[in-house]
Amino acid sequence: MINRFKILVIAVSSSLLMYSFSNIEDTTNVKCMIQMTNYEGFGAYIIISLINPEGDYEDTLYVQGKDKEWYNELSKWWRFYGKIRNNIDAITGETVRGGERTVSMIKIPSDKIDKGYSVRFESSVEDQKYYTKDVQFELNSKNINTKIEGTGFIRYIRMISN
């Protein structure tokens with residue numbers, strides 16, 4: 001009887017241990033530097049999103065700018081985020097002004113790399129423009145370790161896997 005009990009305890013413990021590790025999302029940590037253009041005006045809000053192969057928002061990876069009352073100014077992203085209001089773990093404090101740079105750590109789900117997904121950087125400055133695709137690139141092993149030019153307030157981004 002005691003042996004059966006020991007076997008049962010070991011089996012249940014092993015199952016629980018395996019289940020707890022299976023829920024941990026495998027991510028690739030990427031150091032991301034954003035260099036802004038030399039523009040005049042307020043700091044830019046920047047949203048970094050994971051875009052699925054169909055071109056739709058899948059997840060918000062990072063938000064640069066903590067004042068939530070301005071998030072709706074990033075209208076395309078807001079249509080995605082505003083409906084579900086999921087928790088965003090990676091929100092930094094300050095916006096980024098013209099000519100400045102910022103470095104952040106982004107966690108990218110490893111199972112999305114080389115699978116047709118994209119990473120999109122959106123930028124918006126109060127009383128100026130909103131760039132839905134300031135930077136957008138295919139999420140592949142090569143692009144995770146490269147420099148990519150922006151088309152709006154972002155001069156370029158440089159990514160380095162960590």
**Identity of the residue in the range 13-46, exposed (fewer than 12 other Cβ atoms within 10 Å of the Cβ) and in contact with a Gly (Cβ under 7 Å, 6 or more places away or on another chain), that ends up modelled with the highest pLDDT** = Asn38
**Request:** Would you confirm whether any residue within the range 111-131 is out of contact with any Phe, Trp or Tyr (no Cβ under 9 Å at 6 or more places or on another chain), within 15 Å of Cys32 (Cβ to Cβ) and modelled with pLDDT under 90?
**Result:** no
**Request:** Working only within the range 49-71, note down all residues that are modelled with pLDDT under 90 and either in a loop (DSSP other than H, G, I, E, B) or in contact with a Cys (Cβ under 8 Å, 6 or more places away or on another chain) (or both).
**Result:** Gly65, Lys66, Asp67
**Request:** With the checklist (1) over 13 Å from the mean Cα position of the chain (by Cα); (2) assigned to a strand (DSSP E or B) in hand, flag the one item Asp114 doesn't pass.
**Result:** (2)
**Message:** Being modelled with pLDDT under 90, farther than 20 Å from Gln35 by Cβ, in contact with a helix residue (DSSP H, G or I) (Cβ under 9 Å, 6 or more places away or on another chain) and of a type in the set (Val, Ile, Thr) is the requirement here; does Ile84 meet it?
**Reply:** no
**Complete:** Among residues of the range 53-69 being of a type outside the set (Val, Ile, Thr) and surrounded by 15 or more Cβ atoms within 10 Å (Cβ to Cβ), the residue farthest from the chain's Cα centre (by Cα) is Gly65
**Asked** Pairs, please: C-beta under 6 Å, at least 6 apart or cross-chain, first residue within 16 Å of Gln128 (Cα to Cα) and in the range 61-83, second of a type in the set (A, V, I, L, M) and in a strand (DSSP E or B)?
**Response** Leu74/Ile47
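Look through the range 34-48, keep the residues that are part of a strand (DSSP E or B) and within 14 Å of Tyr130 (Cβ to Cβ), and return whichever of them is nearest to the chain's Cα centre (by Cα).
Among those that are part of a strand (DSSP E or B) and within 14 Å of Tyr130 (Cβ to Cβ), it is Ile47.
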**Asked** For residues in the range 96-110 being over 16 Å from the mean Cα position of the chain (by Cα) and not basic (Lys, Arg), which is modelled with the lowest pLDDT?
**Response** Val96
**Request:** Name the single residue, out of those in the range 117-140 being under 16 Å from the mean Cα position of the chain (by Cα), assigned to a strand (DSSP E or B) and hydrophobic (A, V, I, L, M, F, W, C), that is surrounded by the fewest Cβ atoms within 10 Å (Cβ to Cβ).
**Result:** Phe137
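Among what's in the range 141-162 and is under 10 Å from Val119 (Cβ atoms) and surrounded by fewer than 17 Cβ atoms within 10 Å (Cβ to Cβ), pick the residue that is modelled with the highest pLDDT.
The residue in question is Ile148.
The values are calculated or read from the model by the stated rules, or taken from the named source; none is laboratory data. Keep in mind the model is a prediction, meaning the values are calculated, not measured. Heads up, the Cβs are rebuilt from the backbone with ideal geometry, glycines too, and the neighbour counts pull from every protein chain shown.
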